[in-house]
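All remarks here apply to the structure that follows.
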């Protein structure tokens with residue numbers, strides 16, 4: 001499907017490989033020490049049961065409490081294609097919960113989830129109608145069951161196979177929810193509607209974070225010419241309550257043949273927002289982690305570690321902000337085996353530091369974390385998948 005190919009393209013275009021992390025500290029976000037940093041030892045993980053399917057992936061996570069969380073994604077189910085999946089954490093284990101599939105669909109996938117309360121949860125993605133193309137898919141949890149909610153598709157007059165889909169969602173309140181994709185949509189408590197967005201053909205939108213009805217952020221990348229070649233540059237677009245507007249954002253590596261892209265964003269307040277991603281360092285010939293911070297006035301680059309070492313790739317996909325600090329999730333490359341393994345970074349108020357994280361897959365598998373969320377310290381979840389036989393969805397908890 002279209003959105004799925006865009007997400008996979010992150011790894012192919014910049015890095016060859018395929019969760020918004022930061023936790024609330026002071027309004028400034030960059031100077032307050034994290035009182036729980038000393039207690040962080042290791043993030044444990046496990047592969048998720050997939051009921052005998054050959055491939056699974058979790059790409060979105062929302063944490064409500066110690067006893068309630070949701071992860072969404074999809075499973076490959078053979079001739080029927082991919083099937084949307086929602087898994088619920090009940091405080092003891094993850095359990096699959098039925099998600100309704102649109103009539104006539106020949107495949108469906110969920111990419112993002114956001115929770116307002118235990119009885120008000122939204123999940124977004126796309127499905128493939130039997131007539132061809134792709135259409136937006138929005139599901140709502142009311143505390144008892146998931147139900148599909150009607151959502152508009154991008155206008156496409158004369159298109160043989162219309163392509164629409166949603167990749168991320170974030171919520172301010174029960175009547176103020178944003179869904180990111182093609183198109184950009186907003187929920188006003190009654191219905192979903194399309195909101196004009198200043199998109200360009202080279203823009204790729206990855207994540208959204210909403211602070212208030214007049215303050216929301218979208219991050220991604222766009223293509224800009226540089227000498228002989230086109231290079232990827234960071235993209236940040238802001239909602240001021242009336243319209244979306246592109247704002248200046250820094251790029252790592254300076255001018256030159258360096259690609260930059262942002263994949264995750266999370267907001268603690270109007271003056272404490274983080275965005276994460278990766279940049280391809282042309283001099284070193286490898287992707288490196290990328291973190292940027294908004295202090296209410298401007299976006300600035302913040303140094304972040306690259307645990308893989310010289311010659312190997314590191315990147316971040318997700319970021320989350322809670323009341324106890326900041327975290328980011330992605331993957332790194334093991335310098336000995338060449339295997340991709342989970343990567344989690346923690347912001348201690350002064351610097352980003354790597355946190356030991358589990359790799360639930362077999363020793364030969366490459367493992368990726370695509371999203372991260374949390375409600376407090378010791379209640380941070382990251383989700384993703386590992387590539388193996390079979391490839392499986394997985395969760396990691398800090």
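Rule-based calculations on the coordinates, nothing more; no lab input. Everything numeric in this text was worked out from a predicted model, so none of it was measured. Reconstructed Cβ throughout: ideal geometry from the backbone, glycine too, with neighbour counts over all protein chains shown.
Largest first, please: the extent of the C-alpha atoms of region 215-268 along each principal axis, to the nearest Å.
39, 21, 14
What ranking of 276, 336, 172 emerges when the number of other C-beta atoms within 10 Å of each C-beta is taken as an exposure proxy, fewest first?
If I rank by nearby Cβ atoms, fewest first, I get 336, 172, 276.
By what distance, in whole Å, do the Cα atoms of region 265-398 stretch along each of the three principal axes, largest value first?
Principal axes ranked by extent give 46, 38, 19 Å for the Cα atoms.
Which value in nm describes the separation of the simple spin-label points at residue 175 and residue 188, placed 7 Å from the Cα toward the beta carbon?
A separation of 1.0 nm, rounded to one decimal place.
Can you work out the FRET efficiency for the pair residue 270 and residue 79, with r the C-beta to C-beta distance and R0 = 35 Å, to the nearest 0.05?
0.10
Using the 10 angstrom Cβ neighbour count as an exposure proxy, how do 363, 308, 202, 167 rank, fewest first?
Least to most surrounded, the residues fall as 363, 202, 308, 167.
Can you put 322, 190, 300 in order of Cβ neighbours within 10 angstrom, beginning with the fewest?
190, 300, 322
Stretched out fully, how many nm does the piece from residue 356 to residue 337 gain, at 0.36 nm a residue minus the Cα gap?
5.1 nm
Take residue 303, project a point 7 Å from its Cα along the Cβ direction, then tell me which residues of region 334-356 have their backbone nitrogen under 19 Å from it.
345-355
Report D for region 86-134 in µm² per second (integer): Stokes-Einstein, Kirkwood Rh on Cα pairs, 10 °C, 1.306 mPa s.
127 µm²/s
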